[in-house]
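Colleague: Pasting a structure below so you can have a look.
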Amino acid sequence: MGRTLHYKIKKTNNSKFTKKEMLSILEVSDYYNSGQFKDIWTCENFYAHPLDYFPNWRRWGGTVDSWEDVNIEYSKLKNKGLDEIEIIRTLHKNKIVAYHDKDIEYQVRGFVKVQGNEFNASLVIMALADISMKLKNVEIEVSDEGEFLICPLKIRNGKAMPLIEDLIDDIKYWSMKMLLSEGFKGNILNKLILGAKDFCHEFMMDLQIENGYGDMTKYINNNLSRLKLIEQIILKHPKFKSQPESWERNEDIVAPYIRNILNLKPEHWFIIGDFCRKVNAKDFKDYKMSVGTLMGGFRGEYWNLDPESDDEKLSYEMLAKMTKALEGVEKFGGDVKILGADES
């Protein structure tokens, strides 16, 4: 169950988050864990906590032995009328909790496992978009190990910019690995006087010139297809400037159009939905995993969605509840649409 969306929220001026900004992030997190969204997370739920903490165990110099100890102290402070941020800061000051990151007040980092549930993937992006609109001076980076996002994104004030460099670096990295792989017939090292077989395996691993995945052609082609989609999105952008046919390769005269796009002001960035794949309830019926497996995971187990027994009736009831909650939501704009269960 490894499919994860990763995100990082930072101030554009690299300053600390104010208490008001932290509370705004918590407000969005609470919203996506209540009401119509309360029970539609099937693996992990999205919850961005600006002061992500854990018990400061006595064996590490702290003052508690369990989460129960933390919760008792938390309740005492809450009964005094302190808000969430004041409570956590007080607990930290009293060595009852410790922070996960030393620079925690400067950025909020997290991840959400969604397995194959693209509805939950869409909720993560919706939540991050809401945070970016509530906090005008933040920039959010988000990446998806799965297929919902075409590429990693930067998000500001509800608009997105593709992190093209990340995708290109990934293609170059795996292209090199594949060409040096023993499992690939086009292995460059095998065509040289000294081939891969002449090196010690551990030595090749230390040099990072060995790829245990073998032929990565399909993966690389998939990423090239994503780049093609990005190109098509860029060409449609109203601020896109095509180059004259006779332009010279002199950056002082004409900058490449990719740079023109990447230098756009945030208010001219792209609609987030341009880089999201459509989520359709009917796609789940022929998904490569069974519905039970799809809905498996921490929250799925709460719903008794056992991949072994694959209770499809309960699984589809869960899907129906999810699509009903998302019906008519148009956070992303453009042609992105989340279809309701009645259209599945």
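The values are calculated or read from the model by the stated rules, or taken from the named source; none is laboratory data. For clarity, every value in this text was computed on a predicted model and none was experimentally measured. Don't worry about glycine lacking a Cβ; one is built from the backbone with ideal geometry, like all the others, and counts go over all protein chains shown.
Colleague: Determine whether residue 143 is buried (at least 20 other Cβ atoms within 10 Å of the Cβ), assigned by TED's automatic domain parsing to the domain that holds residue 295 and polar (S, T, N, Q).
Modeller: no
Colleague: Kindly evaluate residue 164 against the criterion of being buried (at least 22 other Cβ atoms within 10 Å of the Cβ) and under 18 Å from the mean Cα position of the chain (by Cα).
Modeller: Criteria not met by residue 164.
Colleague: Which count do you get for residues in region 85-116 that are free of Cβ contacts under 8 Å to residues at least 60 places away in the same chain and of a type in the set (Gly, Ala, Ser)?
Modeller: Result for region 85-116: 1.
Colleague: If I ask for residues that are of a type in the set (Phe, Trp, Tyr) and at pLDDT 75 or above, which ones from region 261-316 would you list?
Modeller: Result: 269, 270, 275, 298, 302, 303.
Colleague: To continue, here is another question. Restricting attention to region 4-13, does a residue exist that is of a type in the set (Val, Ile, Thr), without any contact (Cβ under 8 Å) to a residue 12 or more places away in the chain, more than 30 Å from residue 316 (Cα to Cα) and not in a loop (DSSP other than H, G, I, E, B)?
Modeller: no
Colleague: May I pose another question? Within region 14-57, track down each residue that is of a type in the set (S, T, N, Q) and at pLDDT 90 or above.
Modeller: Of everything in region 14-57, those that are of a type in the set (S, T, N, Q) and at pLDDT 90 or above turn out to be 15, 18, 24, 29, 33, 34, 45, 56.
Colleague: Taking residue 132 as meeting all but one of (1) over 30 Å from residue 296 (Cβ atoms); (2) assigned to a helix (DSSP H, G or I); (3) over 15 Å from the mean Cα position of the chain (by Cα), write down the number of the exception.
Modeller: Here residue 132 clears every test but (3).
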